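Notes follow once the structure below has been shown.
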Amino acid sequence: MSLFKTRSKARKLPNSLPNLALQGNKVRVYSYEEGKTNPSDRHGIPIPKSSYKSDHDTNRAVLLQTLRKKYFYLKKYRGDIDWDLMAIAETLCVLPVANKVIEKRIQSASKYTDKYDSEEGYKGSTARYYNVGKLLPEMNTASKKYYIDNLVDELYTRLKNSDDLEVILESLSNDTIKTFGFVQADSQFGVDSNELDYVIKSAIQRHLPSLLLIDEEKVSEELYIIKNLLQRCMWKLSHALDIVNRNKVKYKWVYDSQEEGFRRRRILYKPTNYSRRVYNALHTSNYYYGVRGMVDNIMRLPSIKENAFGNNQVYIDTDSLNPVDDDKELDDIPQMMLPKYLSESLQDSITKEAEQNFRGAKHRVNYRTDGGGVHGKARHRRFKGTKPIIEALKKLAVSQGEYGVKPRQVHRIITDRKVFKRRKHIAGGSLMIDCSGSMGFYNEDIKEIVNTLPASTIAGYVGYGHSIGGHDGDIRIIAQKGRLDESAIDNLTEYGANSIDLEALKWLAKQEEPRIWVSDMQVIGVDGAEEHRPSLTLSTERIHAILRFMAINNIIPIEDIKHVKEFAKQYAKFIG
């Protein structure tokens, strides 16, 4: 299987919404912001980041967030609000409205198809389901498995670092809801039961000590309890949907003077009336439907009973792990897609290079020997942009002009008459450089890229090869906003290991797109059982976890410096 998928002719999200442009006596343009839960701009419509199953599900997500913006544009709430949970609550509240919109679309198109019946509706449509939760978009199975694996990892991380079980369970519940709140998911997360057990068991085996792994009964009990905890977390979401389902259709009896009797009249459904109630169901610590027993359940975990995490040193028994077939696992990894503004020759070069690096065809060292290593912890160094890059700063500077809409520099009317500021489209993006070994990146290369992409952020990382002060490596910002830290590259080349690849990619995933990972993709971890944490090869599951993370966050791996520079030039030309 290839790491990259071929490009299909998919439609982009529209830049404006004519049906929502007029509100009151003002004209506003609403733009879509992909990958966000809440808008950074008051006129933005956020589309939650998720690996949707099809274009139909993507369109459904756009419809729901458009309706959410329409009804909750001026909505205000009292108190301290978790806005990520409130975004889910508002989305669930507009589901009945979305049902009506879909019905109207189907009716308007009924003259073009024979599948519509005036009494039964559109045959095969999800718009007439009684449960409004069926109107939510679907996530692909591979992404569901990836997120479930992350939830179990986070649970064990909290168990190792904290003793407050109520806080741990509340965090697990919130993380589960925020992950699956915008998509269709039942208590089984829409995953086959056997596959769900396999994903959870694989995550459990990475954290349990060897003494527990030997006992199959205790591993099975651990699996059953953690699966039950995740299912109970989803019961909160089911309860929130029940609130919307119960109130989507309501009637009241009114007196009809003409007929001299009472008749039943339907009450208009208003999403804004139920958002706070749904939010309380998602946020409250008073768990519904038997979730109060979560604390009792987690206390029955064999790992808790035997105090397996008392010293925070967890030994991974790699002999007990099941061998994994690479090709079979790769089928579950979402494929990456290169931007369409790149030339075909550059796309072919990047694809071929990444495939060779992952397969290890050009490396003598077998970095995938499954030594049981864990991902290292990184130290984030402060950026010291001491040297300005003059050409980049000139491009970042705001220009003045004689024509515009609103004058900003009125005092210049008597000099050069350039009283208006001009907006410029500045090319940006983010680079993360793997400085292990000899990548051959120099300050002059950095300056050339920053001159091409003035608004870009360039960082690098390296592993120590052993633990220093509780950390396994450094992450340093080399260039940002037209300034350069000349000492960053020299400091990064003092060591030569990897071990913090995942943390570096997590930092990169938070930066602006396009995101480039300058690396040969030879990822290495650390020995979690040793005190000094020397370098150790990662398990196959953890290597595939890095690939999934790259695909989901659209991180492009490039090794050749020439290809990185060419990528920057073509992107800058595309921005204009």
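So which residues in the range 463-477 are farther than 22 Å from Asn554 by Cα and either modelled with pLDDT under 85 or of a type outside the set (Phe, Trp, Tyr) (or both), if there are any at all? Can you show your working first?
Filtering the range 463-477 down to residues farther than 22 Å from Asn554 by Cα leaves 463-474.
Those that are farther than 22 Å from Asn554 by Cα and either modelled with pLDDT under 85 or of a type outside the set (Phe, Trp, Tyr) (or both): Gly463, Gly465, His466, Ser467, Ile468, Gly469, Gly470, His471, Asp472, Gly473, Asp474.
Having 3 or more residues that are within 23 Å of the chain's Cα centre (by Cα) and under 16 Å from Leu155 (Cβ atoms) is the bar; report the helices (runs of 4 or more DSSP H) wholly within the range 188-276 that clear it.
193-205, 216-247
Of the residues that make up the range 481-496, is at least one touching a Lys or Arg at 6+ places or on another chain (Cβ under 7 Å), surrounded by 18 or more Cβ atoms within 10 Å (Cβ to Cβ) and at pLDDT 90 or above?
So far as the range 481-496 goes, no, none of its residues is touching a Lys or Arg at 6+ places or on another chain (Cβ under 7 Å), surrounded by 18 or more Cβ atoms within 10 Å (Cβ to Cβ) and at pLDDT 90 or above.
Which of the residues that make up the range 505-545 are touching a strand residue (DSSP E or B) at 6+ places or on another chain (Cβ under 8 Å) and part of a helix (DSSP H, G or I)? It would help to see each step written out before you state the result.
Pass one, the range 505-545, residues touching a strand residue (DSSP E or B) at 6+ places or on another chain (Cβ under 8 Å): 505, 507-509, 511-521, 523-528, 531-539, 542.
Within the range 505-545, Leu505, Trp507, Leu508, Ala509, Arg542 meet the criteria.
State whether the residues of the range 47-65 include one that is in a strand (DSSP E or B), outside the structural domain of Leu282 (by TED's automatic domain parsing) and either more than 15 Å from the chain's Cα centre (by Cα) or crowded, with 19+ Cβ neighbours inside 10 Å (or both).
Yes, there is a match, as at least one residue in the range 47-65 is in a strand (DSSP E or B), outside the structural domain of Leu282 (by TED's automatic domain parsing) and either more than 15 Å from the chain's Cα centre (by Cα) or crowded, with 19+ Cβ neighbours inside 10 Å (or both).
Under 30 Å from Lys69 (Cα atoms), among the charged types (D, E, K, R) and either outside the structural domain of Ala185 (by TED's automatic domain parsing) or modelled with pLDDT of 75 or more (or both): which single residue out of Arg232, Arg246 fits that description?
Every option except Arg246 fails the conditions.
What number goes with the only condition from (1) within 25 Å of Gln205 (Cα to Cα); (2) under 22 Å from the mean Cα position of the chain (by Cα) that Glu513 does not pass?
Answer for Glu513: the failing condition is (1).
The values are calculated or read from the model by the stated rules, or taken from the named source; none is laboratory data. All figures in this text were calculated on a predicted structure; none of them were measured in a lab. FYI the Cβ positions are ideal-geometry reconstructions off the backbone, even for glycines, and counts take in every protein chain you see.
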